[in-house]
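A quick write-up on the structure given underneath.
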Amino acid sequence: MTTAQPGAGSRSALARGDRLVLGFLGFSIAAAFTVELYFLLNFQDIHVQTGSFARLFEIYGAGDRTYYGEGDVHLPYALETINVFAMQILNCLLGYAIVRHRSWRHPLQLLIGTYLAGSVVLYFWHAHVAGYPDMPDHRLWNYFIFYAPNLPWLVGNAWLAAVSYRYFVRRESATTDRSV
């Protein structure tokens, strides 16, 4: 198995870690253009919609009713609009950079991972400091349903950022070791 140099643009086999990143990107893109796009198209009247996605948002509404079209739906709408339209373009560019071994892969991956993990933390923190005003009943199940579905984006994107951060630390360490 040959490994290409970063930026070389050759089509060599991908490392296991790169395949995992591509898998997570595929998951994120699929979720964005199905469930999250459904929310964007129906956010104001999602509570009267029928079907599988509407039912998922009804269940999630126990943790945050704004995702079920009740209350101030504008923060989730803003977050999901950025995620579906801007971040998925960047996710596709990142996938290209990984497959083609582009040198700008890790800066882009660090940017994406940091922003998306940070947006989940902001969403959580906003709800927490406000006292979970969009949670109809403050019960254990509702906290679970608020946090659990968001964890793949928090953990996955924090992992993306950490992978690229480690890449830069190792590269800087190697550069420092050679100059000493």
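For the chain, the solvent-accessible area works out to 57 Å² per residue, with a probe of 1.4 Å and every protein chain left in place. Taking label positions 7 Å along the Cα-Cβ direction at both A30 and L90, the computed distance is 2.3 nm, reported to one decimal. Subtracting the Cα-Cα distance of R55 and Y143 from 0.36 nm times their residue separation leaves 29.9 nm of extension gain.
Taking all protein chains as they are arranged and a probe of 1.4 Å, the heavy atoms of H74 leave approximately 110 Å² accessible to solvent.
Classify the range 123-171 as rounded, prolate or oblate from the Cα gyration tensor: take a ≥ b ≥ c as the square roots of its eigenvalues, call it rounded if a/c is under 1.5, otherwise prolate when a/b beats b/c and oblate if not. It is prolate, given that a/c is not under 1.5 and a/b is the larger ratio. Placing a pseudo-label 7 Å from each Cα along the Cα-to-Cβ vector at E172 and A130 gives an inter-label distance of 3.6 nm. Summarise the accessible area of the range 65-117 (1.4 Å probe, protein heavy atoms) by the percent that is carbon and sulfur. Taking all protein chains in place, the range 65-117 shows 71 percent carbon and sulfur surface. Considering only G156, N142, S119, and ranking their Cα positions along the charge dipole of the range 32-180 that arises from unit charges at the beta-carbon of Lys, Arg, Asp and Glu, the one farthest toward the positive end is G156. Summarised as an ellipsoid, the chain has semi-axes of 37, 18, 12 Å, derived from the eigenvalues of the Cα gyration tensor scaled by 5 and square-rooted, with the largest first. Tell me the trypsin sites (Lys or Arg not before Pro) within the range 75-180 that lie in a loop according to DSSP and have at most 12 other beta-carbon atoms within 10 Å. Those that pass, being in a loop and sparsely packed, are R139.
The range 10-32 and the range 59-109 have Cα centres lying 16 Å from one another.
Taking 1.306 mPa s as the viscosity and 10 °C as the temperature, the Stokes-Einstein diffusion coefficient of the range 84-180 based on its alpha-carbon Kirkwood radius rounds to 102 µm²/s. Think of each Lys and Arg Cβ as +1 and each Asp and Glu Cβ as -1; about the Cα centre, that makes the dipole of the chain roughly 1160 debye. Compute the helix-to-body angle for 151-179: its Cα long axis versus the longest principal axis of the chain, expressed 0 to 90° and rounded to tens. Orientation of helix 151-179: about 20 degrees from the principal axis. Taking each residue as 0.36 nm, the span from W104 to L40 lengthens on full extension beyond its C-alpha to C-alpha distance by 19.9 nm.
The values are calculated or read from the model by the stated rules, or taken from the named source; none is laboratory data. Small disclaimer: the values here were computed from a predicted structure and weren't measured. FYI the Cβ positions are ideal-geometry reconstructions off the backbone, even for glycines, and counts take in every protein chain you see. Please note that ligands, DNA and RNA were not included when accessible areas were found on the heavy atoms of the full protein model with its side chains. Shrake-Rupley method; radii C 1.70, N 1.55, O 1.52, S 1.80 Å.
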